[in-house]
Amino acid sequence: MGITRKTKSVKALLEVFEGCNAAMSTTALIEKFKHQMNRSTVYRILERLEDDGTLHSFIGKDGLKWYAPYTSEQQEELGLHPHFQCEDCGKTECLPISIQIPEVEAYNINTASILLTGKCKDCED
Ligand SMILES: [Zn+2]
Ligand SMILES: [Zn+2]
């Protein structure tokens, strides 16, 4: 947990992520809290929670920004990891493996984003 001051709004957002390791899209979060806070408040809180290391973000296949919590120290240690998005139910989660950024001569690579898509355990039949 980071240093972000736990206002009522911050708490409400954090509760969404508690006890589940699935990611939430910004659009879904804005929709969920539309009666409690406006769009820019949701964006601001998400940015703060990402800055202090509570959440991390990635871009899903629909171009939306998704947020997921660091649920354990183990996951935080993973650092760079791929994300999985189910083509059927849309469930999106962190995968518990690390990615090594390859070294490419003459390129200074800082980060990588890998999105894997397919069917999740629940949809695979
Ligand atoms: Zn699924
Ligand atoms: Zn993740």
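Details
- The slack between Glu47 and Lys32, meaning 0.36 nm per residue of separation minus the straight C-alpha distance, is 3.7 nm.
- Full-extension gain in nm, Glu105 to Lys8, via 0.36 nm per residue minus C-alpha separation: 30.1 nm
- The long axis of helix 8-17 is offset from the longest Cα principal axis of the chain by roughly 40 degrees.
- Nonlocal amide H pairs with His56, under 5 Å, H built at 1.01 Å: Ala68, Tyr70
- Sorted peptide list for 42-52, 8-18, 106-116, criterion being average Cβ within 10 angstrom, highest first: 42-52, 8-18, 106-116
- You can think of it this way: the chain between Asp88 and Thr117 has 9.5 nm of extra reach, that is 0.36 nm per residue less the Cα-Cα gap.
- Compared with the dominant principal axis of the Cα atoms in the chain, helix 39-51 is inclined by about 50°.
- Lysine pairs with alpha-carbon atoms under 25 Å apart, the chain, spacing 8 or more or separate chains: 24
- Over the chain: helical MRE at 222 nm, DSSP H runs n ≥ 4 each giving -39500 (n - 2.57), nearest 500: -8000 deg cm²/dmol
- The ellipsoid that matches the Cα gyration tensor of the chain has semi-axes, each √(5λ) in whole angstrom, of 25, 19, 14, with the longest given first.
Bear in mind these aren't lab numbers, they're just calculated from the coordinates by the rules spelled out. Treat the numbers as computed from the prediction; the structure is a model and nothing was measured. All Cβ positions, glycine included, derive from the backbone under ideal geometry; neighbour counts span all protein chains shown.
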